[in-house]
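Notes to accompany the following structure.
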Amino acid sequence: MHRLLQHRLLQDLEENVQEREAIFSLAFELIRERLPRPSLDAPDSVKWTVFKEYLPHVLTMQRIYDEGMPMIQPFVRLSELFRDGGIHLWQRGLIYDGLRLLNSAEAILDRIGECNCENCCRCNKDQLRIDINIGTALLIQYFGISHRSESKERFGKILEMRRKLASAAVPGTLTQDDEITLCNALADYANALLQFNNHREAEPIYQECHEKYQRWGTEDDISFEYAKFNHHMALCRMYKGDFVEARALSEKAVELISRQAGQPQLKLRFKFDLGCILLQSGDAEKALEIQEQILTTRLHMQGSGKTNYFTLQSYYAVGAIYAHLGRLDQAEYVRLECPFPI
């Protein structure tokens, strides 16, 4: 009955352009008022409870807008709404719907184009485009090696835009937060290089960021930044075959990120990479212990579950280590438990 009523209402709205745009605008305002603003740097798990209630409405609005029914004129705040939804979904590992929203957010900005007024939303649009590029670049890297070039290209554009904004600022007005944001763009670009096994070019970039961190504070002051640095350097040491140092750096990264409230997914991702480093070093049993703990946690985490990207990643990791150890019955059990073929 609900679907029939919805279908009839949509048909009626097709015939009344002014009414459908008014209803779309009203729906937007109601959702915008309730949907929490995400943070790219520090995901807040507390917001997820509120967000998941309004996610279906955001996705419905995106579908209606994207399908061209009704033909709504694009506006910046609609792009912001889709960006916020996309970022929230990326942080929960729901990559397909997240990418859908981010693609629409970017398409809206492309349709709006440039405006000529002196003091308009230009700066906000630049920041909005940066956020969309960051979310999209981080999402598409999960689709495998076929998207790594696009991801690297996007991170390069983000770095270019960050540098442009920094150079355009009045001398002496850049805050520490502004500089940290620029450092994050540098590190993200280095991460993209690491996706191509280019640790030789990535490592000096991480070291450049580390020098700035040391000027800004200690591990107690900015533990989040030091956590990321240790995590990145652990991967560089792994590439060099220095597994003792790689393990120490990775364990330090996990310890530092554990100090951050509201970062359960990121902590698990750091632990996952620690397990990978241990496996590469030859300690398969310890790697399996860590990956099994991560899988169990992800299965019971709010907003995660069996079909979450990171949970599927954990299924594969546990099953692969079982197979590596010759425990084929257990590997087969994990394969059958996974909701998608592995």
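Note on segment 173-204: residues that are in contact with a helix residue (DSSP H, G or I) (Cβ under 8 Å, 6 or more places away or on another chain) and not in a helix (DSSP H, G or I) total 4.
Tell me, yes or no, whether segment 111-132 has at least one residue that is open to solvent by 20 Å² or more (accessible area, probe 1.4 Å), at pLDDT 90 or above and among the aliphatic types (A, V, I, L, M). No - not one qualifying residue is present in segment 111-132. From 254, 244, grab the single residue that is more than 22 Å from residue 91 (Cβ to Cβ) and either β-branched (Val, Ile, Thr) or without any contact (Cβ under 8 Å) to a residue 12 or more places away in the chain (or both). None of the others qualify; the one that does is 244. For segment 50-64, taking the residues that are under 16 Å from residue 26 (Cα atoms) and β-branched (Val, Ile, Thr), the one that is modelled with the highest pLDDT is identified as 58. Residues that are free of Cβ contacts under 8 Å to residues at least 40 places away in the same chain and under 11 Å from the mean Cα position of the chain (by Cα) within segment 71-101 comprise just one, 89.
Residue count for segment 155-173 satisfying the condition of being in contact with a Leu (Cβ under 6 Å, 6 or more places away or on another chain) and crowded, with 18+ Cβ neighbours inside 10 Å: 1.
For the residues 195, 176, 207, 214, the requirement of being under 13 Å from residue 155 (Cβ atoms) and either open to solvent by 40 Å² or more (accessible area, probe 1.4 Å) or of a type in the set (S, T, N, Q) (or both) singles out 195.
Here's the yes/no breakdown for (1) more than 26 Å from residue 184 (Cα to Cα); (2) modelled with pLDDT of 90 or more; (3) among the charged types (D, E, K, R):
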residue: 36; (1), (2), (3): no, no, no
residue: 41; (1), (2), (3): no, no, yes
residue: 46; (1), (2), (3): no, no, no
residue: 66; (1), (2), (3): yes, no, yes
residue: 75; (1), (2), (3): yes, yes, no
residue: 79; (1), (2), (3): no, yes, no
residue: 83; (1), (2), (3): no, yes, yes
residue: 96; (1), (2), (3): no, no, no
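Among 252, 212, 267, which is under 26 Å from residue 176 (Cβ atoms) and modelled with pLDDT of 95 or more? 252 is the lone residue from the list that is under 26 Å from residue 176 (Cβ atoms) and modelled with pLDDT of 95 or more.
Does at least one position in segment 274-285 carry a residue that is within 30 Å of residue 97 (Cα to Cα) and out of contact with any helix residue (DSSP H, G or I) (no Cβ under 8 Å at 6 or more places or on another chain)? Taking every residue of segment 274-285 in turn, none turns out to be within 30 Å of residue 97 (Cα to Cα) and out of contact with any helix residue (DSSP H, G or I) (no Cβ under 8 Å at 6 or more places or on another chain).
The values are calculated or read from the model by the stated rules, or taken from the named source; none is laboratory data. This is a predicted model, so every value here is computed, not measured. For neighbour counting, all protein chains shown are included, and Cβ atoms are generated from backbone atoms with ideal geometry for every residue, glycine included. SASA here: full protein model, heavy atoms, side chains in, ligands and nucleic acids out. Shrake-Rupley method; radii C 1.70, N 1.55, O 1.52, S 1.80 Å.
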